[in-house]
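Asks: I'd like to ask some things about the structure below.
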Amino acid sequence: MTRTARAYTNIALIKYWGKKNQQLKLPYTNSLSLTLDRFYTDTKATIINADKDIVYLNDKLLDNTQNKRILNYLETIRNFYSFSDHFQIDSVNHVPTSAGFASSASGFAALAAAINETKKLNLSRREMSILARNGSGSASRSIYGGFVEWQAGHDNASSFAVPIDETPDIDLSLLSVVINQHSKKISSTVGMENSVKSSPFYPNWVTLVSSEIKEIKQAIAQKDLQKIGEISEHNAMSMHALTLSADPSFTYFAPETIRIIQLIQELRRKGLFAYATIDAGPNVKIICTKESLPKVQTYIEQQLSDVTTVVANIGPGIQYI
Ligand code: DP6
């Protein structure tokens, strides 16, 4: 019986923001993430007797424009492994858009693992990370649990994620503050391309990431929570500085994003552990400790009436169910 593959989302503490090769999704820098337990994608691939793939997402058949990216990806996989089978893909996203997490990381990681299972490719997790990366860069990291580093590499075979600590004994939780449920206007793919092309600070970003990766790995090894928080927040703000300094300038921030950043600064002045990280959208993820989280959550909800908050903890790598 063919098993369903499950992959969890991840949040980058050191962001991936810019590709040197668009097609292979080879990044300019390494990146580092934490896999989360709350949100995941379940995907099953069944070989069908047809010359086209069909894709169901959350039990709905996707039309060709909706699933162009997935269809192209399946074609890439066929070319990689020299087979001609077509598939019915059944994918269920337990990553509600309302939780403010992108589903492409868990989506492409689960799809890579599902094809591996159905076609009995016997891929190692490293090979699966390479395959997932070809769907979406951040998906390369969702193969593993806990803290994960994606090593940039220089070609298809050398760009993959590696686990740093899959079951870290560390007191970190994440509070996602969702302020806006509309889908983002500038995709991360386009946003990072514009930043690379036109931000005068892009070369500095590459230098910054290489030192922040070293520092955060040291902080993780030493379980230095404050360092992890400080580096993560600084890295996220530096990524968003690349969008503001692009030409033309753009931003993922909404007015509420700035408000939440200010509230987090206030919370720190009150002595609570809270650091912000923000992806290619307006929602803010707050890095907390188990102790600070309920207080941070109450404060944010009191100050802003129109937000939803979701708690996530550290999650595992790919599973088959
Ligand atoms: C801000 O992985 O969605 O979340 O490779 O073009 O599919 P593509 O981009 P994607 O970008 C993620 C950007 C980010 C930072 C991160 O997850 O590292």
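Asks: Please work out the Cα center distance from the stretch 114-147 to the stretch 208-267, rounded to the nearest Å.
Replies: A separation of 27 Å, based on Cα centres.
Asks: Sorted from largest down, give the three principal axis spans of the alpha carbons of the stretch 95-176, whole angstrom values.
Replies: Over the stretch 95-176, Cα extents along the principal axes are 36, 27, 23 Å.
Asks: Would you mind getting me the FRET efficiency between T251 and K290? Use the beta-carbon distance for r and R0 = 35 Å, nearest 0.05.
Replies: Taking R0 as 35 Å, the efficiency between T251 and K290 is 0.60.
Asks: With the chain treated as a Gaussian network of Cα nodes joined by springs under 10 Å, which of P282, P27, P294 yields the largest mean-square fluctuation?
Replies: P294
Asks: What's the angle, to the nearest 10 degrees (0 to 90), between helix 255-269's Cα axis and the longest principal axis of the chain?
Replies: With rounding to tens, the tilt is 60 degrees.
Asks: Let me ask something additional. Would you mind calculating the gained length between K60 and L121 on full extension (0.36 nm times residue separation, minus the Cα-Cα distance), in nm to one decimal?
Replies: 19.2 nm
Asks: For N21, list long-range residues whose amide hydrogen, built 1.01 Å from N in the peptide plane, is under 5 Å from its own amide hydrogen.
Replies: Correct list: L26.
Asks: G317's amide H: which non-local residues (gap 5+, or another chain) put their own amide H closer than 5 Å, with H modeled 1.01 Å from N in plane and none for Pro or chain starts?
Replies: The list, which skips near neighbours in sequence, is G145.
Asks: Given the protein chains as shown and a 1.4 Å probe, how many square angstrom of D63 are accessible, to the nearest 10?
Replies: D63 has an accessible surface of roughly 80 Å² with all protein chains in place.
Asks: In nanometres, what is the gap between the two model label sites at K197 and I48, each 7 Å from Cα along Cα-to-Cβ?
Replies: 3.6 nm
Asks: In addition: Taking amide H positions as placed 1.01 Å from N in the peptide plane, with prolines and chain starts having none, which residues 5 or more places from D53, or on another chain, fall under 5 Å of its amide H?
Replies: Placed amide hydrogens put F87 under 5 Å from D53.
Asks: Reachable lysines from K119, Cα under 20 Å, same-chain residues fewer than 8 places away excluded?
Replies: Cα-Cα hits under 20 Å: K44, K52.
Asks: May I ask you to derive the relative contact order of the stretch 173-312, considering only C-alpha pairs under 8 Å and at least 6 residues apart, and to give it as an integer percent?
Replies: Rounded, it is 41 percent for the stretch 173-312.
Asks: Rounded to whole Hz and in sequence order, give me ³J(HN,Hα) for the stretch 163-177 from the Karplus expression 6.51 cos²θ - 1.76 cosθ + 1.60, θ = phi - 60°, writing x for Gly and Pro.
Replies: Rounded to whole hertz, the list is x, 9, 7, 6, 10, x, 8, 9, 8, 10, 9, 10, 10, 8, 9.
Asks: In the chain, with Lys and Arg counted as +1 and Asp and Glu as -1 at Cβ, which of these residues, L62, F83, A113, has the Cα nearest the positive end of the dipole, that is, farthest along it?
Replies: The residue sitting farthest along the positive end of the dipole is F83.
Asks: Also, I was wondering about something else. When the distances between all Cα atoms of the stretch 173-312 are binned every 10 Å from zero, what whole-number percent does each bin get?
Replies: 12, 39, 35, 15, 0
Asks: If you add up the charges near F147, with Lys and Arg at +1 and Asp and Glu at -1, over every other residue whose beta carbon is less than 9 angstrom from its beta carbon, what do you get? Show your work: numbers first, answer last.
Replies: Values: positive: K217; negative: E149, D165, E166.
Once positives and negatives cancel, what remains is -2.
Asks: Starting from the Cα of Q303, step 7 Å along the direction of its Cβ; do the same at K185; then give the gap between the two resulting points in nm.
Replies: Result for the modelled spin labels: 2.6 nm.
Asks: Place a point 7 Å from Cα of N204 in the direction of its Cβ. Which residues in the stretch 242-282 have their backbone N less than 16 Å from it?
Replies: Under cut-off, by backbone N: 242-247.
Asks: Please tell me the relative contact order of the chain in percent, rounded to the nearest whole number, where contacts are Cα pairs under 8 Å and at least six residues apart. Present the calculation step by step, with values, prior to reporting the outcome.
Replies: Values: 680 pairs, mean separation 79.4, N = 321.
Relative contact order here is 25 percent.
Asks: Please compute the per residue accessible area over the stretch 126-192 with all protein chains in place, 1.4 Å probe, rounded to a whole number of Å². Before the final figure, lay out the partial values.
Replies: Details: 2400 Å² over 67 residues.
Per residue, the stretch 126-192 has 36 Å² of solvent-accessible surface.
Asks: If I model the chain as equal point scatterers sitting on the Cα atoms and use the Debye formula, what is log10 I(q)/I(0) at q = 0.06, 0.10, 0.13 Å⁻¹?
Replies: Scattering profile of the chain, log10 relative to I(0): -0.19, -0.55, -0.93.
Asks: Quick one: pull the percent of accessible area on the stretch 243-321 belonging to carbon and sulfur, 1.4 Å probe, ligands and nucleic acids left out.
Replies: 51 percent
Asks: Could I ask something else about it? Note the full-extension length gain between T167 and K20 as 0.36 nm times their separation in residues minus their Cα-Cα distance, in nm to one decimal.
Replies: On the way: separation 147, 0.36 × 147 = 52.92 nm, distance 3.18 nm.
Gain on stretching T167 to K20: 49.7 nm.
Asks: HN-Hα J couplings of the stretch 34-51 from phi, Karplus 6.51/-1.76/1.60, θ = phi - 60°, integer Hz, Gly and Pro as x?
Replies: Working through the residues one at a time gives 10, 7, 10, 8, 7, 10, 8, 10, 9, 9, 10, 10, 10, 6, 10, 8, 7, 9 Hz.
Asks: Regarding the stretch 5-168, what are the three Cα extents along the principal axes, ordered largest first, in Å?
Replies: Projected onto the principal axes, the Cα atoms of the stretch 5-168 cover 42, 35, 28 Å.
Asks: Right, next: Express the relative contact order of the stretch 5-168 as a whole percentage, based on alpha carbon pairs under 8 Å and six or more residues apart in sequence.
Replies: It comes to 29 percent, rounded to a whole number.
Asks: Determine the order of I11, I54 by accessible area, beginning with the largest, at a probe radius of 1.4 Å.
Replies: On the way: I11 0, I54 60 Å².
The residues order as I54, I11, largest area first.
Asks: Given charges of +1 on the Cβ of Lys and Arg and -1 on the Cβ of Asp and Glu, with all other atoms neutral, how large is the dipole of the chain about its Cα centre, in debye to the nearest 20? Working shown, then result.
Replies: Working: 33 positive and 30 negative charges, 52 e Å.
Charge dipole, the chain, about its Cα centre: 240 debye, nearest 20.
Asks: Where does helix 68-81 land angle-wise versus the long Cα axis of the chain, in degrees 0 to 90, nearest 10?
Replies: 60 degrees
Asks: If you fit an axis through the alpha-carbon atoms of helix 104-118 and take the longest principal axis of the Cα set of the chain, what angle between them do you get, 0 to 90°, nearest 10?
Replies: 30 degrees
Asks: Separate question: Contour minus end-to-end for N313 and D224, with contour as 0.36 nm per residue of separation and end-to-end as the Cα-Cα distance?
Replies: This chain segment gains 30.3 nm when fully extended.
The values are calculated or read from the model by the stated rules, or taken from the named source; none is laboratory data. In this text the structure is predicted, and so the values were computed from the model without any measurement. Here the Cβ is made from the backbone with ideal geometry for all residues, glycine too, and neighbour counts use every protein chain on show. Just so you know, the surface numbers come from the protein's heavy atoms only, side chains and all, with ligands and any DNA or RNA stripped out. Shrake-Rupley method; radii C 1.70, N 1.55, O 1.52, S 1.80 Å.
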